[in-house]
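Notes for the one structure printed next.
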Amino acid sequence: GVWPASADVRHCFGRIAQAIEADRAGSSISRLAAHLNELFVSVLEMLRRNDIELDPSLSSTCRTVSLFLEDMRGNPEHLSWPWTLKAMAEQCGLAETRFRHYCRQLTNMTPSQFIEHCRIETASKMLIEHPARNITETAMACGFGSSQYFATVFRRHMGCSPKSFRLKNASGTETPA
């Protein structure tokens with residue numbers, strides 16, 4: 001449901017806006033942090049006063065895994081983390097067996113296959129968009145432990161080495177950083 005904001009919450013937003021407008025090169029950062037903390041406390045109090053019913057479609061276990069996997073695919077920086085089955089399952093609050101089940105149900109891949117797929121997908125984009133970037137840097141940015149392992153996995157998925165892939169798909173322009 002949607003609740004009207006309490007007077008405290010409305011007041012906090014007003015002070016946050018004032019702190020942002022008054023900010024001169026970070027001079028109001030402490031004041032802004034204090035107002036944000038006050039907002040969080042006010043929202044928490046507002047939520048505690050209301051009897052909140054969970055929407056099952058938003059809080060199901062399958063939905064939790066789906067959101068985690070979407071986040072993994074949509075945020076390449078998350079791929080550099082050395083994910084294990086245990087770590088992924090814990091991130092979703094599940095046992096490894098349940099996480100594996102939902103991952104397979106949603107992606108038709110095991111969790112490790114899914115992560116590898118996302119890493120290769122991201123690496124192939126990086127190889128094209130950043131032709132001047134070192135292949136080892138690309139491998140590390142995508143979560144591969146070594147450029148040799150990256151090349152092996154890349155060849156298995158793409159049918160050629162990262163260097164050959166880059167040469168075949170080169171546009172001749174570097175994407176500005």
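The values are calculated or read from the model by the stated rules, or taken from the named source; none is laboratory data. It should be emphasised that the depicted structure is a prediction, and the values quoted were computed from it without experimental measurement. Glycine also receives a Cβ, built like all others from the backbone with ideal geometry; neighbour counts cover every protein chain displayed. For the accessible areas, the whole protein counts, side chains as well, though only heavy atoms, and no ligand, DNA or RNA atoms are used. Shrake-Rupley method; radii C 1.70, N 1.55, O 1.52, S 1.80 Å.
Computed over the chain with a Gaussian network model linking Cα atoms closer than 10 Å, the most mobile of H130, H11, H78 is H11.
Relative to the longest principal axis of the Cα atoms of the chain, the long axis of helix 111-129 makes an angle of roughly 80 degrees. Taken along the Cα-to-beta-carbon direction at a fixed 7 Å, the label points for D71 and R31 span 3.4 nm. Convex hull volume of the C-alpha atoms in the chain, normalised per residue: 188 Å³.
Using the alpha carbons alone, the radius of gyration of region 77-149 stands to its Kirkwood radius in an Rg to Rh ratio of 1.05. Computed on protein heavy atoms with a 1.4 Å probe, the accessible areas place M72, M140, M109 in the order M140, M109, M72, largest first.
Label positions at K125 and A87, each projected 7 Å from the Cα along the C-beta direction, are separated by 2.1 nm. Label-to-label distance for S6 and T136 is 5.7 nm, based on points extended 7 Å past Cα in the beta-carbon direction. For the chain, the solvent-accessible area with a 1.4 angstrom probe is 65 square angstrom per residue.
If I take R0 = 35 Å and measure r between the Cβ atoms of L47 and M109 in this structure, what FRET efficiency does the formula 1/(1 + (r/R0)^6) give, to the nearest 0.05?
Computed FRET efficiency for L47 and M109 comes out at 0.40.
Once all protein chains are placed together, R104 keeps about 110 Å² accessible to a 1.4 angstrom probe.
Computing the accessible area with a 1.4 Å probe over protein heavy atoms, can you report the carbon and sulfur percentage for the chain?
In the chain, the share of accessible area belonging to carbon and sulfur is 55 percent.
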